[in-house]
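Trainee: Okay, here's the structure, questions in a sec.
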Amino acid sequence: MEALARFGYITRGFVYALIGILTLFAAFGIGGKTTGTNGALQTIARQPFGRILLALFVVGLLGYVFWRFVQAIKDPGNKGIDCKGSILRLGYGASGLFYLGIAYNAASLLLGDGSSSDTKTKKDWTAMLMQQPFGRWLVGLVGAIVIGVGFYKVYLAYKVKFHKKHNLDKLGAIQKKTLVHISRFGIASRGVVFVMTGFFIADAAKNYNPQEVKGLDGALLTLARQPYGKVLLTIAALGLIAFAVCSLLKVRYRQIEIN
């Protein structure tokens with residue numbers, strides 16, 4: 001279980017590192033592009049030994065999904081069933097479902113299918129949800145939840161609570177401080193992306209138009225089109241790379257509660 005969880009963190013880290021690097025290249029106009037998780041997987045698939053790499057990513061992502069579901073159902077971290085604990089465990093389950101979708105996309109690419117962007121995937125899901133009874137309200141609720149998750153991540157970065165789950169005592173003071181600050185920047189950046197995505201979803205519900213939904217790639221493209229877009233895109237790219245560092249940091253130092 002611990003090996004699966006740590007392999008999952010490795011996979012997540014490399015996915016976000018690739019997204020950040022491609023975005024950074026796009027900001028400087030040297031051949032990159034604003035992309036999301038699906039675009040990163042497609043980039044991997046085009047490389048030499050791409051199918052082998054994709055297979056490893058599928059295994060890693062499924063390991064992370066399994067770990068998230070264990071956190072949600074078995075509660076090895078003893079979060080409890082009070083309001084706060086239940087919300088956290090639901091969050092673990094939602095995270096598992098999110099990465100299960102990414103694993104499915106990676107498996108589809110591995111089998112020679114699936115080439116849609118993050119934004120198109122979210123538009124399809126939004127359109128399907130809107131067709132259900134009270135679908136518009138459900139989409140609005142999803143948007144509100146995503147916004148809330150984004151602000152919570154920013155709060156976590158501000159309060160520096162995440163490092164309590166890491167064994168950093170063996171690091172020197174400067175190393176520890178540097179890694180904590182990089183992680184804070186990465187978590188806050190991802191939180192901002194969540195907030196932007198949530199507002200796109202909420203706006204789609206308000207206007208009853210699933211075409212207004214944007215994924216990570218759409219959020220980055222929106223930043224690029226703003227005044228000082230290159231600066232904003234560079235900051236976002238560095239933030240995603242910082243989040244990748246944070247994820248890889250968990251591989252070595254995260255306390256994995258199994259029992």
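Since every read-out is calculated from the coordinates, none of them should be taken as a lab result. Computed from a prediction, not measured in an experiment: that's the story for all the values here. No Cβ is skipped: glycine too gets one built from the backbone with ideal geometry, and neighbour counts run over all protein chains shown.
Trainee: Tell me, in nm to one decimal, what length is gained between Asn78 and Tyr158 on full extension, where the rule is 0.36 nm per residue of separation less the Cα-Cα distance?
Mentor: Between Asn78 and Tyr158, full extension yields 26.4 nm more.
Trainee: OK, next. How large is ³J(HN,Hα) for each residue in the range 189-205, as worked out from phi by the Karplus curve 6.51 cos²θ - 1.76 cosθ + 1.60 (θ = phi - 60°), to whole Hz, x for Gly and Pro?
Mentor: 4, 5, x, 4, 4, 4, 4, 4, 4, x, 5, 4, 5, 5, 5, 5, 5
Trainee: Ok, one more. Rounded to whole Hz and in sequence order, give me ³J(HN,Hα) for the range 140-151 from the Karplus expression 6.51 cos²θ - 1.76 cosθ + 1.60, θ = phi - 60°, writing x for Gly and Pro.
Mentor: x, 5, 4, x, 5, 5, 5, 4, x, 4, x, 5
Trainee: Near the amide H of Gly215, under 5 Å away, which other amide H atoms are found, from residues 5 or more places off or on another chain, if H is placed in the peptide plane?
Mentor: Thr119
Trainee: Hey, any idea what Rg/Rh is for the range 189-230, computing Rh the Kirkwood way over Cα pairs?
Mentor: Here Rg/Rh amounts to 1.00.
Trainee: Using Cα springs under 10 Å in a Gaussian network model of the chain, which residue among Val180, Val65, Val193 shows the largest mean-square fluctuation?
Mentor: Val180
Trainee: Related question: What length, rounded to one decimal in nm, is gained on full extension from Ala94 through to Val59, with 0.36 nm per residue of separation minus their alpha-carbon distance?
Mentor: 10.7 nm
Trainee: If one computes the Cα centroid of the range 1-68 and of the range 196-259, what distance in Å separates the two points?
Mentor: That distance is 15 Å.
Trainee: Test of understanding: in a Gaussian network model of the chain with alpha carbons linked when under 10 Å, which of Lys176, Lys33, Lys230 would top the mean-square fluctuation ranking?
Mentor: Lys176
Trainee: In addition: Computed from the coordinates I sent, percent of Cα pairs over 22 Å apart equals one of (1) 57; (2) 61; (3) 67. Tell me the label.
Mentor: Looking at percent of Cα pairs over 22 Å apart for this model, the match is (1).
Trainee: Restricting to DSSP H runs of at least four residues, report the calculated mean residue ellipticity at 222 nm for the chain, -39500 (n - 2.57) per run over all residues, nearest 500 deg cm²/dmol.
Mentor: Calculated mean residue ellipticity at 222 nm is -26000 deg cm²/dmol.
Trainee: With contacts defined as alpha carbon pairs under 8 Å and 6 or more residues apart, what's the relative contact order of the chain in percent?
Mentor: In percent, rounded to a whole number, it is 30.
Trainee: Springs between alpha-carbon pairs under 10 angstrom, Gaussian network model over the chain: which of Arg12, Arg89, Arg46 fluctuates most?
Mentor: Arg46
Trainee: Assign unit charges at the C-beta atoms only (+1 for Lys and Arg, -1 for Asp and Glu), then state the dipole size of the chain relative to its Cα centre in Debye, rounded to the nearest 20.
Mentor: That gives the chain a dipole magnitude of about 700 debye.
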